[in-house]
Ligand SMILES: [Zn+2]
């Protein structure tokens, strides 16, 4: 019989067998139960839900601060809305779940379970927007969306139902729409990077890789240890034909009726959670950034039978409540098992309460950012927790940024791109064009390396010089190449 320790802890190494490591973390840390009896649908468990709730709060607060108003739209979208804009229909139709019956009655019009909500919001924008004074009109909703994924599903990364926020905004001009895209990129930096601790690159996607119905697509990519990038939030300037299909116009200052421009930004919280798990986790298990940890401080009484220890544990818990989310593990397990368990589950601070410390007026704490144990004076405990809370996420970010930056490699030839991809890196190279003229060069890269052109960075547009690494024509872009999910 395998030892208990082996059953409970993570046995796969993150950098050697990433896929197995991820599966073990999801199951052993009780993030999701995969046994629900509809394929591609998960039961999210408390340890992930508590963290994702905090992720939502940070994101929503930030959006509201920037003037987005919250809405709750219906889950269903009538087929006629859905079919108003042809490229959107074409892109999304294969993934739509349809409701066709109510009880035993066939519905007059089938209803789509929203795969995304442009066609729901735009129906109402048409009724709400009258004049330039109404613009910009900035909304968002927190919702679940449904897509009939045919690719293999993976918990949190790709499923048939996911939990997200979608913003939908209406603007008077394309310049205002572009301003919104830049604001969305800034939001991504403030929340994904500074709070969730995730390094990413925000790309403008090539023409051939746009959201169905978008005029321009911008999307952030986060890197996994297996060298594959995963698309995280994207923001789009929606094609003007979309607003036109829904007749979203406004009366301008000059009294003329003008077409509006729309944008949307879609941070998928359940998918971003996967990146939090993957980017910060280690061979022991999870590491949560302080701000989004389900529990921030766990108190472990070394002996739950000892009244003095339990009294001290309770009093320390009371002290911390109000400052941090704190819990006390008074289960029957051995203290050593509890240490391993909460380290695996990624609790930022653990406080061990034992008799020796109590006598000496000391406290032993363990911090998961540095995996370090410290013995401090009992009276300094709150000061110490306060200090760690401020440093914790920064330490995780520092480490993640360093790894990410070290994995971007400049490549001067197809051979160098290939080599970089084989080493699990993101290759960066000169390229002719991300419009249709460059598609044959892109195809060559994709065929030879199994990787894709992810896009260009807005702030590198002015830095381009030299020749396309494939065709030798003048380079107009610096593109990034990586394998993806
Ligand atoms: Zn080329």
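Bear in mind these aren't lab numbers, they're just calculated from the coordinates by the rules spelled out. Bear in mind that the values here come from a model prediction, so they are computed numbers and not experimental data. Using ideal geometry, Cβ is built from the backbone for each residue, glycine included, and neighbour counts are taken over all protein chains shown.
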Taking Cα atoms, how many degrees apart are the long axis of helix 18-28 and the longest axis of the chain, rounded to 10 and kept between 0 and 90?
60 degrees
If you average the sequence gap of Cα pairs under 8 Å that are 6 or more apart and divide by the length of segment 408-484, what percent do you get for the contact order?
38 percent
What Rg and what Dmax come out for segment 216-286 when only alpha-carbon atoms are used, in angstroms?
19.3, 65
Across all Cα atoms of the chain, Rg and the largest Cα-Cα distance (Dmax), in Å, are 25.3, 81
Ranking request for peptides 205-211, 102-108: highest mean number of other beta-carbon atoms within 10 Å first, then the rest in descending order.
205-211, 102-108
Could you work out Rg/(2.2 N^0.38 Å) for segment 233-337, with Rg from alpha carbons only?
2.04
Can you give the three extents of the C-alpha atoms in segment 369-485 along their principal axes, from longest to shortest, in whole Å?
68, 29, 22
Note the angle between two axes, namely the Cα long axis of helix 46-65 and the longest principal axis of the Cα atoms of the chain, as a number of degrees from 0 to 90, rounded to the nearest 10.
50 degrees
Nearest 10 degrees, 0 to 90: helix 439-449 Cα axis against the chain principal axis:
30 degrees
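Answer rounded, prolate or oblate for segment 54-172, using the Cα gyration tensor with square roots of eigenvalues a ≥ b ≥ c: rounded when a/c is under 1.5, else prolate when a/b is larger than b/c, else oblate.
Cα axes put segment 54-172 in the oblate bin.
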Could you state, as a whole-number percent, how many of the C-alpha pairs of segment 297-388 are farther apart than 15 Å?
55 percent
Relative contact order computed over segment 248-391 (Cα-Cα under 8 Å; 6+ residues apart), in percent:
21 percent
